[in-house]
Amino acid sequence: MSTDRAHDIGLIEASFRIANERTARWEERHDEGRSELYLCECGEQPCRKRIELTREQYEAVRADARHFVVLPGHVIPDLETVIGSFAGYEVIEKPTALMELLVETDPRSSTSGPEEDAAQSLADQLGPGAA
């Protein structure tokens with residue numbers, strides 16, 4: 001596995017996670033367990049497809065910094081592992097070699113640095129209506 005390629009794709013996926021986190025904080029989205037639309041957090045560019053999840057389903061994915069939610073068929077097999085397949089989405093796990101990047105770019109982490117800035121910049125390019 002190419003570390004540079006894995007890193008670049010991890011950064012792209014982190015930017016989608018950041019965009020999802022931004023909209024997940026909007027209280028008006030959470031209406032009694034109803035489904036909400038989240039961006040596919042895959043590394044394929046320029047994917048802007050949506051995944052229908054409840055807040056609880058999204059939170060289950062977000063419980064681990066190495067986990068991302070993607071549409072079926074959006075997995076990059078040589079860089080990530082499917083750890084769960086559900087109706088309309090899959091949960092992938094990134095390798096532990098990327099843990100530093102994943103923690104640094106996780107909006108719920110207190111760690112920060114240049115990778116966080118790069119992921120935030122990519123998320124900004126998605127625009128306010130991205131998720």
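What follows is calculated from the coordinates using simple rules that are stated; it is not laboratory data. Not measured: the values here are computed from a predicted model. In this analysis, Cβ positions are derived from the backbone assuming ideal geometry, glycine residues included, and neighbour counts consider all displayed protein chains.
Here the extension length gained between Ala60 and Cys47 equals 2.4 nm, from 0.36 nm per residue of separation less the Cα-Cα distance. Here the dipole of the chain is about 280 debye; that uses its Cα centre as origin and unit charges on the Cβ of Lys and Arg (positive) and Asp and Glu (negative).
Here the Karplus relation 6.51 cos²θ - 1.76 cosθ + 1.60, evaluated at θ = phi - 60°, turns the backbone of segment 79-96 into coupling constants of 10, 8, 10, 6, 10, x, 10, 10, 5, x, 7, 10, 10, 10, 10, 7, x, 4 Hz, with x for every Gly and Pro. For Pro95, the shell of other residues with beta-carbons less than 11 Å away shows a net charge of -1, using +1 for Lys and Arg and -1 for Asp and Glu. Here, segment 3-125 is characterised by an Rg to Rh ratio of 0.93, where Rg is the alpha-carbon radius of gyration and Rh the Kirkwood radius.
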